[in-house]
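Let me begin by presenting the structure, written as structure tokens, before commenting on it.
The values are calculated or read from the model by the stated rules, or taken from the named source; none is laboratory data. On a predicted model such as this, the values are computed, not experimentally measured, just so you know. Methodologically, a virtual Cβ is constructed for each residue, glycine included, from the backbone with ideal geometry; neighbour enumeration extends over all protein chains shown. All accessible areas refer to the heavy atoms of the entire protein, side chains included, with ligands and DNA or RNA removed. Shrake-Rupley method; radii C 1.70, N 1.55, O 1.52, S 1.80 Å.
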Amino acid sequence: MAKQEDVFKKIISHAKEYGFIFPSSEIYDGLSAIYDYGQNGAELKNNIKQYWWKAMVQLNDNIVGIDTAIFMHPTIWKASGHVDAFNDPLIDNKDSKKRFRADVLIEDYCAKLEDKADKEIEKAAKRFGEAFDKKEFESTNPRVLEYREKQKTILSRMAQSLEKEDLGDVKALIEELEIADPDTGSKNWTDVRQFNLMFGTKLGASADSATDLYLRPETAQGIFVNFLNVQKTSRQKLPFGIAQIGKAFRNEIVARQFIFRMREFEQMEMQYFVPPGTELGFYETWKEKRLNWHLALGLGSENYKFHDHEKLAHYANAASDIEFKFPFGFKELEGIHSRTDFDLSAHEKHSGRKLQYFDAERNENYVPYVVETSVGLDRLFLAIFSNCLKDEVLEDGSERTVLSLPPALAPYKAAILPLMKKDGLAEYAQTIFNDLKYDFNLFYEEKDAIGKRYRRQDAIGTPFCITIDHDSLTDNTVTLRDRDTMKQERVAVADLRRIIDEKTNFRNLLSKI
Ligand code: ATP
């Protein structure tokens, strides 16, 4: 456990030290669960957005992208169910005075049971070696079966109690399982209460005429209320999708996991509108497509798993999360939801406007069904950043820290490094910089020993370092150093554009999806 915490601390401090993520308002001691992206963080985040946008909008001729406002008519949140049902069950520990999400305490308890099952499987795999049949073992070993059965019972009881709003039983479950405050061990809990996660604000100049508004807790509603505008102006036929990237705000009860759970964050959501009755097929397709999108990043397929929901949200008839192995365990990264016609029908009712589609093939009007894919940009950033940050011991015994980002996502594609400033090396390096800057984001640096400069580029994930020395002036070649292999080769300046492009182009990721 201590080791996990150390790893996480290292990630947070590296993110700060190298200009990726700063605590917001730091000189005023920060603001809880709010973060700012620094110069390298903003580049990485923009590249992740591009990867998503290109995969959704550019690769699919039936998906278009929009950008809607954060402020929306307040009735939208009544229609969507957020005013009445966007709650989390909250519980306080009376001794430590710390606040928790009751459902997360129970889920964490179940995750520990799953860890125990995994350990049994690992032990057996070692014992049996090549002859090990994982499926067979999982379905017959009494201990694994018991751990899994127990989880199922606990989670389905929690789901039922939450569904029935029986918060007394949620507390009873916490007590029966003897769940303690993870930091202090205290089991002295308050009752469980519901807490609405939306932030309220006001629109208007004077207090009496001001309208109560909410900061949007998800970007999806901006898509729903524009469904007909987009469908008509884009002339799309069903099935078609609308994608959006934007800020969302949630007054989270507990926010202790860096950018995993923030109060202001960004979502990348896509709503896919389909004929009623076909939604579950598209739901399966999108589950697969989205997982492939993640896998193309090359962070390791063992780090992803689906978690199908027991408790469905008020709008869904099927839902699954893609979970990722964060430094603190498997947690939700993306949600894929079959949202039925819940949202469009609710907006029809509350707005009095028709939100229907005429299907020429079926020769009928209907409210489309929707399959949604929703991924948190900041969570994705954390997944990529934490997975790629590595400490390596080199052959000569020295150490380096390297951020082995997928090259297309790296803040800088190459660093241009004149060995020294004098003798015209800096001028020559500038010419290379000026030639390549139209195609790539480049870093330029003259100061410090070359080894030190290489290490700094490794730490921010730059795939290539280009060193200009005295020979460069006469033979127009440079030393090209690869971030991952650390191999150095002499290449012609004229080949640089092609070499950098081959490695860092988004094509590399997109063609793998
Ligand atoms: P959780 O169970 O972790 O609270 P959720 O199920 O409420 O998440 P959704 O409403 O499905 O999340 O939102 C879609 C995605 O938005 C999530 O998969 C996650 O990546 C991201 N997300 C949600 N809440 C936050 C948050 N507070 N901070 C950062 N990202 C978030």
**Request:** Kindly indicate which of ILE11, ILE48, ILE34, ILE21 is in contact (Cβ under 8 Å) with a residue 24 or more places away in the chain, assigned by TED's automatic domain parsing to the domain that holds GLN257 and over 24 Å from LEU297 (Cα atoms).
**Result:** ILE34
**Message:** Being within 16 Å of the ligand (Cβ to nearest atom), polar (S, T, N, Q) and open to solvent by 20 Å² or more (accessible area, probe 1.4 Å) is the filter here; which residues of the stretch 330-373 pass it?
**Reply:** THR340
**Complete:** Of (1) more than 12 Å from the ligand (Cβ to nearest atom); (2) farther than 25 Å from CYS388 by Cβ, ASN303 satisfies every one except (2)
**Request:** Can you tell me which residue within the stretch 297-307, out of those that are out of contact with any Phe, Trp or Tyr (no Cβ under 7 Å at 6 or more places or on another chain) and buried (at least 18 other Cβ atoms within 10 Å of the Cβ), is nearest to VAL274 (Cα to Cα)?
**Result:** LEU297
**Request:** Name the residue, out of SER96, SER80, that is surrounded by 14 or more Cβ atoms within 10 Å (Cβ to Cβ), of a type in the set (S, T, N, Q) and not assigned by TED's automatic domain parsing to the domain that holds LYS187.
**Result:** SER80
**Prompt:** Does the stretch 224-236 contain any residue that is open to solvent by 50 Å² or more (accessible area, probe 1.4 Å), free of Cβ contacts under 8 Å to residues at least 24 places away in the same chain, assigned to a loop (DSSP other than H, G, I, E, B) and within 24 Å of SER345 (Cα to Cα)?
**Reply:** yes
**Fill in**
Output for Cβ contacts, cut-off 8 Å, separation at least six or different chains, first residue part of a helix (DSSP H, G or I) in the stretch 133-146, second of a type in the set (Asp, Glu), reads ARG143/GLU120; VAL144/GLU120; VAL144/GLU138
**Asked** How many of the residues in the stretch 184-235 are within 16 Å of the ligand (Cβ to nearest atom) and of a type in the set (D, E, K, R)?
**Response** 2
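Let's see how each residue does on (1) acidic (Asp, Glu); (2) open to solvent by less than 20 Å² (accessible area, probe 1.4 Å); (3) more than 20 Å from GLN488 (Cβ to Cβ):
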| position | (1), (2), (3) |
| --- | --- |
| SER398 | no, no, no |
| LEU403 | no, yes, no |
| ALA414 | no, yes, no |
| ASP423 | yes, no, yes |
| ASN441 | no, no, yes |
| ILE468 | no, yes, no |
**Item:** Residues of the stretch 434-458 satisfying the condition of being part of a helix (DSSP H, G or I) and either of a type in the set (Phe, Trp, Tyr) or on the phi > 0 side of the Ramachandran plot (or both)
**Value:** TYR454
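Residues in the stretch 415-428: is at least one of a type in the set (Ser, Thr, Tyr) and not assigned by TED's automatic domain parsing to the domain that holds PHE506?
Taking the stretch 415-428 first, the residues of a type in the set (Ser, Thr, Tyr) are 428.
Those still in the list that are not assigned by TED's automatic domain parsing to the domain that holds PHE506 too: none.
Scanning the stretch 415-428 turns up no residue that is of a type in the set (Ser, Thr, Tyr) and not assigned by TED's automatic domain parsing to the domain that holds PHE506.
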**Asked** Out of the residues in the stretch 252-280 that are of a type outside the set (A, V, I, L, M, F, W, C) and more than 22 Å from ILE12 (Cα to Cα), which is nearest to the ligand (Cβ to nearest atom)?
**Response** GLU269
**Selection within the stretch 374-433 - within 16 Å of the ligand (Cβ to nearest atom), touching a strand residue (DSSP E or B) at 6+ places or on another chain (Cβ under 9 Å) and not in a strand (DSSP E or B)** = LEU377, ASP378, ARG379, LEU380, PHE381, LEU382, ALA383, PHE385, SER386, ASN387
**Message:** Restricting to the stretch 1-54, name every residue that is of a type in the set (Lys, Arg) and away from the ligand (no atom under 16 Å from the Cβ).
**Reply:** LYS3, LYS9, LYS10, LYS16, LYS54
